[in-house]
Amino acid sequence: MEKVVVRRGGLADVSQIAAIHCSDLEDNLWYRFPEGKRVAAKRVSELTLYERWLNGGSWMSEELCAIYLNNLLLNGHMPLVAELDGKLVGELELFYGKENDGHLYAHIGVLQVHKEYQRRGIGTLLVQKAIITAKKRGASYLTVRPRDVVRDFYKKLGFAEWLKTVVFFAEAAPFVSGLTWKEDTTIFNKQKFWPFIMGYEQSSAQIWQIFHVNQFALPEFTREPIHTGLVSGRGKEVVAIFYPHVYFGDMANVYAWSNKGPNKEDLWTMLTLAYQFGYDKVRSLLTEDKYEGLKDSCSLAEIERQEIFRLNLKEREIYEMAGFVC
Ligand SMILES: CC(C)(COP(=O)(O)OP(=O)(O)OC[C@H]1O[C@@H](n2cnc3c(N)ncnc32)[C@H](O)[C@@H]1OP(=O)(O)O)[C@@H](O)C(=O)NCCC(=O)NCCS
């Protein structure tokens, strides 16, 4: 019987955080990606850092995990770690930012319990601590996009369905003329309260952190046609990120923030810019109501539906917890 303690994570925890995430690799297998094909690797040492990233993101190597965590902390977000008898067994990441209604939100962007320690209450404890932490920081809501198998896990903790979204793709083409694109990597800081109109697959704050702030000096990343900036034209301004899809390099993931919209002109604008940046296709998300209104005029093809859950922190009583025994 040992006590689990949840605390703020830091750079000294990087190797153990990476180990927690690597423990959950599907079938315990690492893959290489020669010429875009997925091939099982004989040894982890065969993989480049970029290939390790392709296996599951920034937590797949200590090097990238350190950069990632450093950026997370420098930007005011919060990693929480669960420690059992001196060993880290779980990690949760909270991303803070104002969302479309102007309230401060905390978003659970990552929750991972070490494979050997799952179903022992550690995930529950991490989320409970996240609720306390977010409420103390002054957030009004806590959100998460749960994988299908953990919807009930979050419901038991008080979350409810909130935002329904549709993931779609569309062909890039020169629909609109007269656009001015200004590449500007500081733009979001200047415009940070603009509503997030396209790409809500995680909170606005997390998307910005992952796709803009979190860059790596690896050749594979610096070569990629990543664009961040401000497009203006037709009396409107939109801040946007174009980020190549992990496996389909000809497809841009598009995220956009603006005071108004989205309407069909905004979509055409994004499809035009993607075309100008050399992409063939665009992948993004719209809320269900917007998608239904725009799918025909913009020839959008549905990929899947997603849902964000939300917990109202204003209505939630909190009490400090000391840890627990598992
Ligand atoms: C999901 C996860 C964080 C839950 O953490 P955990 O410590 O294993 O969960 P808990 O022991 O606190 O679970 C509490 C309850 O949630 C439910 N639950 C948890 N994980 C579940 C899963 N994978 N499938 C179905 N139900 C699950 C169960 O009802 C469980 O109670 P039970 O064990 O008595 O049946 C963990 O399993 C994990 O890291 N999974 C892989 C990554 C992941 O899916 N992260 C969530 C991203 S949104």
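For the reader, a short list of remarks on this structure follows.
- Criterion: surrounded by fewer than 16 Cβ atoms within 10 Å (Cβ to Cβ) and of a type in the set (Gly, Ala, Ser) - qualifying residue of Ser58, Ser15: Ser15
- Residue, nearest to the ligand (Cβ to nearest atom), within the range 93-127, restricted to residues that are in a loop (DSSP other than H, G, I, E, B) and within 21 Å of Trp257 (Cβ to Cβ): Glu99
- Looking only at the range 148-187, and only at residues there that are among the hydroxyl-bearing types (Ser, Thr, Tyr) and not in a loop (DSSP other than H, G, I, E, B), the one that is farthest from the ligand (Cβ to nearest atom): Thr180
- Complete set of residues in the range 278-313 that are over 23 Å from the mean Cα position of the chain (by Cα) and outside any helix (DSSP H, G or I): Gly278, Asp280, Lys295, Asp296, Ser297, Cys298, Ser299
- Checking each residue in the range 15-53 for being under 19 Å from the mean Cα position of the chain (by Cα), in a helix (DSSP H, G or I) and more than 29 Å from Asp250 (Cβ to Cβ) picks out Ile17, Ala18, Ile20, Cys22.
- The residue of the range 1-14 that is modelled with the lowest pLDDT, among those that are closer than 21 Å to Gly121 by Cβ and not in a loop (DSSP other than H, G, I, E, B), is Lys3.
- Lone qualifier among Glu161, Glu183, Glu116 - being in contact with a helix residue (DSSP H, G or I) (Cβ under 9 Å, 6 or more places away or on another chain) and among the acidic types (Asp, Glu): Glu161
- When Arg283, Arg310 are checked against the criterion of being more than 27 Å from Phe159 (Cα to Cα) and either modelled with pLDDT of 95 or more or among the small types (Gly, Ala, Ser) (or both), Arg283 stands alone in meeting it.
The values are calculated or read from the model by the stated rules, or taken from the named source; none is laboratory data. Predicted model, so just to flag it, every value in this text is computed and none were measured. So basically every Cβ, Gly included, is an ideal-geometry build from the backbone, and we count neighbours across all protein chains shown.
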